[in-house]
Every structure is written in structure tokens, then in C-alpha cells.
Amino acid sequence: MENLIIPSDLIEPLFELQAEDLLLGQLEHKIKNLPEREKLLLLKDEEDKTEKSISGYESERLELTKKEKRLDLELSSIETRLLEVDEKLYSGLITTEKEAKSLQDEIVHLKERQDVLESELLETLTMVEEACESIERSNSLLETQKNDIQNTESDLNAAEGELGEKVSQAKTRRVEIVEKLTEEILSSYETYRRHFPSDAVVRFDGPTCNGCHLTMSAMEADRIKGLESGSVSECPECGRLVVR
Ligand SMILES: [Zn+2]
């Protein structure tokens, strides 16, 4: 420290400047860590999951609907064939026992197949219905989630706006303070602030440093005590600026 002496009317402004910088740092930290921002991320994550599960249910429903059509088609062709066979059987054109037996066997076989397909169709229809219900449920969940997201976004904007207002007020005050201070004081302050962002400058208040709270030697304390008011030294323990 090259014998910097702060005029008595500039000591207060220097500490005021430091207080504004501390406040600005706190506000910046608050803006970055707003709980609404975290909440918004979680909500968007949940929304994403819901959207994915909806598209999963939708492709499931599509597959089931295709299966339903296939079953319908096969059932209707069995129906047609049954009518044909039945008609043929009672047409009076069947003359041999063997021919009649073969048609009757076919009818039995077709009816068996019809039973299987019908229960498969029933099962498929139930599953389609379940898929539709799941889609409906998820859609209403999605709506709630979108609502929550919108509310949280507006909460976040409000909180950011409020803090942003405080930041701009502190910056205005800071500019006014800086105008009072000298180049030399400012440049020392800014240099030391890189290492001690919130308390580069401390007041001398006996041998215990107000920055690091360590105790300097009695000799050093006496030396600083003997300096004129406004003299700036470095704390021998931490290196902060100590203003007599
Ligand atoms: Zn110290």
C-alpha cells in the first residue's frame, strides 16, 4: 500500500460503495437462485414425461386399432363363408354323405375360429378403451402441468422484476458514490475487491482485523493506530485494506 490516505469526507462514501457492491452481489445471487426457476425446471421435466407417455399411449392405441380392424375383417369373411357353406348345405345340391360331412366340418372349424377371434376382439376393444382413458387422464394432467408452468413463469418474472428493480436502484446509487471518490481510491478498492468481493476494505478497530478476525501483532496495531485518520494499510494476516 503506497501511503494512500483517504480524505475524511470520502471514508463514508467508500464504505457505502462497498455496501452497494455487497448488495449487488447478494441480489445477483438471489436472481440466479430464485426457487421459482428450480420449480420451473422440475415442472417442465414433468410436462416432458407426460407428453412422452401420451405419445406412448397414442401409438399403443393406433396398434390396437389396426388389430381391431384386422379382426373385424377376418370375422366378416368368416361370416360370409359361413353363409355360403350353410346355403350350399341346404341347397339340395349336396348329394353325398361325404360332401355334407365336409361342409359340416368346415362349419365347425369356422365357428371355432369365430369364437377365438371374437374373444380376441373383445380383449382388444377393452385395451383400446383403456388406452383412450389413459390418454384422457394424461391430457388432463398435462393441462394442469401447463397451467402450473404458466403460473410459475409469471411468479418468476415478477420476482426477477422486483429484484431487477433493486439492482438498478443500487447501480444508480453506486454511480453517484463513484462520482465522489477519487481515481486512486477507486483503483485500490477495485484491485483488492478481486480477492475480497464483499469486504475489501475494513475499518481499523484495534488489533483484531474486521475482515479476517485474526489478531495482528501489537507492534503493527500500534503502528496503524499512530497513523492519521484515513490512512490505508494492509492487514498483515489477510491483506485486506484497513482504514485508520
Ligand atoms: Zn485481516
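Here, each number is a calculation from the coordinates, and none is a lab measurement. Everything numeric in this text was worked out from a predicted model, so none of it was measured. Glycine also receives a Cβ, built like all others from the backbone with ideal geometry; neighbour counts cover every protein chain displayed.
A few notes on this one:
- Of all residues in the stretch 66-80, exactly one satisfies the criterion of being free of Cβ contacts under 8 Å to residues at least 40 places away in the same chain and in contact with a Leu (Cβ under 6 Å, 6 or more places away or on another chain), namely Ile78.
- Some residue of the stretch 54-70 being among the small types (Gly, Ala, Ser), out of contact with any Gly (no Cβ under 7 Å at 6 or more places or on another chain) and under 16 Å from Ala200 (Cα atoms): no
- So Glu118, is it in contact with a helix residue (DSSP H, G or I) (Cβ under 6 Å, 6 or more places away or on another chain) and either touching a residue at least 12 places away in the same chain (Cβ under 8 Å) or outside any helix (DSSP H, G or I) (or both): no
Let's see how each residue does on (1) touching a Pro at 6+ places or on another chain (Cβ under 8 Å); (2) in a helix (DSSP H, G or I); (3) surrounded by 14 or more Cβ atoms within 10 Å (Cβ to Cβ):
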site: Asn3; (1), (2), (3): no, no, no
site: Leu14; (1), (2), (3): no, yes, yes
site: Asp21; (1), (2), (3): yes, yes, yes
site: Lys69; (1), (2), (3): no, yes, no
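- Any strands (runs of 3 or more DSSP E) falling wholly within the stretch 160-244 and containing at least 3 residues that are within 16 Å of the ligand (Cβ to nearest atom) and more than 22 Å from His29 (Cβ to Cβ): 232-234, 241-243
- Filter result (among the small types (Gly, Ala, Ser) and either under 15 Å from Leu4 (Cα atoms) or touching a strand residue (DSSP E or B) at 6+ places or on another chain (Cβ under 7 Å) (or both)) within the stretch 200-225: Ala200, Gly211
- Among residues that are surrounded by 14 or more Cβ atoms within 10 Å (Cβ to Cβ) and either in a loop (DSSP other than H, G, I, E, B) or of a type outside the set (D, E, K, R) (or both), Ser134 is included.
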